[in-house]
Amino acid sequence: QVQLVESGGGLVQAGGALRLSCAASGSILGINTMGWYRQAPGKQRVMVATITSGGSTNYAESVKGRCTISRDNAKNTVYLQMNSLKFEDAAVYYCNANIQKYGDKSTYAYWGQGTQVTVSS
């Protein structure tokens, strides 16, 4: 089996910073794109940032210039550094990874359990 375990969420003041981490574990042959998504109450889950295995990144317009996604391929871990946090950044943040397990011929999308980010005044 494959697991994605997120950490780093919490309560932060507006203008503050948080660093989210997500570690993938299990019978992993390879990981392609990894990313972060978020879902605010009553809203759909949306992409925040993604990063390919080669390091190419993509960001939602709402976080460009404030967030940086990175990954450590040796640790199967993806990070999201969030700076200058705004009230509208408050959401549950989910890690996503496209993973090929040993014995599989294709990659499949896996999700973490989510970590809450709350922004206070």
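The values are calculated or read from the model by the stated rules, or taken from the named source; none is laboratory data. Predicted, not measured: the structure shown is a model, and the values here were computed from it. In this analysis, Cβ positions are derived from the backbone assuming ideal geometry, glycine residues included, and neighbour counts consider all displayed protein chains. When the accessible area is computed, the model is the full protein with side chains, heavy atoms only, and any ligands, DNA or RNA have been set aside. Shrake-Rupley method; radii C 1.70, N 1.55, O 1.52, S 1.80 Å.
Quick notes on this one:
- Scanning the range 38-49 for residues that are within 12 Å of the chain's Cα centre (by Cα) and without any contact (Cβ under 8 Å) to a residue 24 or more places away in the chain, we see that the one that is least open to solvent (accessible area, probe 1.4 Å) is Met47.
- The range 91-121 - residue that is among the small types (Gly, Ala, Ser) and open to solvent by 30 Å² or more (accessible area, probe 1.4 Å) and, of those, farthest from the chain's Cα centre (by Cα): Gly103
- Leu85 falls short on exactly one of the conditions (1) in contact with a Lys or Arg (Cβ under 9 Å, 6 or more places away or on another chain); (2) under 28 Å from Ser120 (Cα atoms); (3) in a strand (DSSP E or B); (4) not charged (D, E, K, R), and that condition is (3).
- So Ile99, is it in contact with a helix residue (DSSP H, G or I) (Cβ under 8 Å, 6 or more places away or on another chain) and modelled with pLDDT of 95 or more: no
Okay, residues lined up against (1) modelled with pLDDT under 95; (2) open to solvent by less than 30 Å² (accessible area, probe 1.4 Å); (3) out of contact with any Lys or Arg (no Cβ under 8 Å at 6 or more places or on another chain):
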site: Val5; (1), (2), (3): no, no, yes
site: Ala14; (1), (2), (3): no, no, no
site: Arg19; (1), (2), (3): no, no, yes
site: Cys22; (1), (2), (3): no, yes, yes
site: Ile28; (1), (2), (3): no, yes, no
site: Trp36; (1), (2), (3): no, yes, yes
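- Residues of the range 56-90 satisfying the condition of being open to solvent by less than 40 Å² (accessible area, probe 1.4 Å) and of a type outside the set (Gly, Ala, Ser): Val63, Arg66, Cys67, Ile69, Thr77, Val78, Tyr79, Leu80, Met82, Leu85, Asp89
- Here the condition is being in contact with a strand residue (DSSP E or B) (Cβ under 6 Å, 6 or more places away or on another chain) and part of a loop (DSSP other than H, G, I, E, B); of Ser62, Ser70, Ser53, it holds for Ser53 alone.
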